[in-house]
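Derivation of every value follows stated rules applied to the coordinates shown; laboratory data play no part. This one's a predicted model, so the numbers in the text were calculated from it and none came from an experiment. Neighbour counts are summed over all protein chains in view; Cβ atoms, including those assigned to glycine, are modelled from backbone coordinates with ideal geometry.
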Amino acid sequence: MKNLREIEANTKLVYESEAQTYYRMRDKTLFEKKWINSFIAKVGSNERVLDVGCGPADPIAKYIIEQGLELVGLDYSEAMLSIAKDNFPQNEWILGDMTKLSLKQRFKGIIAWNSFFHLNRQQQKETLPLFSNHLVTKGILIFTAGPENGEITGKVNGKDVYHSSLSFDEYQKILKLSDMKIIEYKLNDPECNFHSVYLAQKI
Ligand SMILES: C[S@@+](CC[C@H](N)C(=O)[O-])C[C@H]1O[C@@H](n2cnc3c(N)ncnc32)[C@H](O)[C@@H]1O
């Protein structure tokens, strides 16, 4: 049995090796629709958004593209990005680590769905200000996290991956320090497969 630090270090490799299976098995019923619609309504149509940890770009990026927004995807897994590119060759797909986000451009919205929670808690504290740097004033950030402060492991095709979360109070504090404020959130949302979701706006 690997310890948590080994699982954390190995998480990128798991996504690299399991990308095709993740894509095949990923729930595509779009149970996330309520939150994505809320994100899109606040961002506005025809706007440019960044999908951080976009994975294979289906179903989340796909739905956002279908709603008419211009989506740029970023992921640190080449295998994931290659599937995203095959799915939407006309879009821009960037190989990169969100903890080092430095794109020298700003977006009307940033989505980090089921990806930001793979960062450790220190990385999360340091990455939220980077998200803010990539948003225009009044831009919108949506991300999923855990329901409470802590570290856990999950499984991707039977292989361990690392997750962590800060508490609501800590997210609120760091977002405020990063010139953002929480405008909607729900922990363990029963209408979204018990995901914990934060929507924040840049002030
Ligand atoms: C559970 S998948 C989610 C993919 C997609 N957002 C979805 O909802 O289907 C997590 C994704 O985050 C990516 N990821 C994890 N940590 C990352 C990081 N530090 N920088 C960029 N991508 C990362 C992984 O490669 C993987 O594609």
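Can you give the calculated 222 nm mean residue ellipticity of the chain, where each DSSP H run of n ≥ 4 adds -39,500 (n - 2.57) and the sum is split over every residue, rounded to the nearest 500 deg cm²/dmol?
Computed ellipticity for the chain at 222 nm equals -11000 deg cm²/dmol.
Using a basic spin-label model with each label point 7 Å from the Cα along Cα→Cβ, how many nm lie between SER17 and LYS181?
A separation of 4.7 nm, rounded to one decimal place.
Between region 40-70 and region 97-126, how many Å separate their Cα centres?
16 Å
In nm, give the distance between the simple-model label positions of GLU148 and LYS34, each being 7 Å from the Cα along the Cα-to-Cβ direction.
Result for the modelled spin labels: 2.3 nm.
With a ≥ b ≥ c the root eigenvalues of the C-alpha gyration tensor of the chain, is it rounded (a/c under 1.5), prolate (a/b larger than b/c) or oblate?
Numbers: a/c = 1.41, a/b = 1.09, b/c = 1.29.
Here the chain falls in the rounded category.
Just subtract the alpha-carbon distance of ASN133 and LYS159 from 0.36 nm times their residue separation and send over the number in nm, one decimal. Working shown, then result.
On the way: separation 26, 0.36 × 26 = 9.36 nm, distance 3.38 nm.
Full extension of this stretch gives 6.0 nm more.
Run the paramagnetic zone check for GLU126: 7 angstrom along Cα to Cβ, then residues of region 1-37 with backbone nitrogen under 16 Å.
Correct set: 9.
What FRET efficiency do you get for GLU66 and GLU191 if R0 is 22 Å and r is their Cβ-Cβ distance, rounded to the nearest 0.05? Before the final figure, lay out each step's value.
On the way: r = 21 Å, r/R0 = 0.97.
Given R0 = 22 Å and the Cβ-Cβ separation, E is 0.55.
With the calculation restricted to Cα positions, what are the radius of gyration and Dmax of region 117-203 in angstrom?
Rg, Dmax (Cα atoms, Å): 13.2, 42.
Looking at this model, which pairs from LYS85/LYS181; LYS62/LYS176; LYS2/LYS34; LYS34/LYS125; LYS125/LYS186 are more than 29 angstrom apart at the alpha-carbon?
Distance filter (> 29 Å) returns LYS85/LYS181; LYS62/LYS176; LYS2/LYS34.
Considering only the chain, what is the antiparallel percent among its DSSP beta bridges, to the nearest 5?
Percentage antiparallel, nearest 5: 55.
Pull out a ≥ b ≥ c, the square roots of the eigenvalues of the alpha-carbon gyration tensor of region 163-203, then state rounded if a/c is under 1.5, prolate if not and a/b is larger than b/c, and oblate in the remaining case.
It comes out oblate by the Cα gyration axes.
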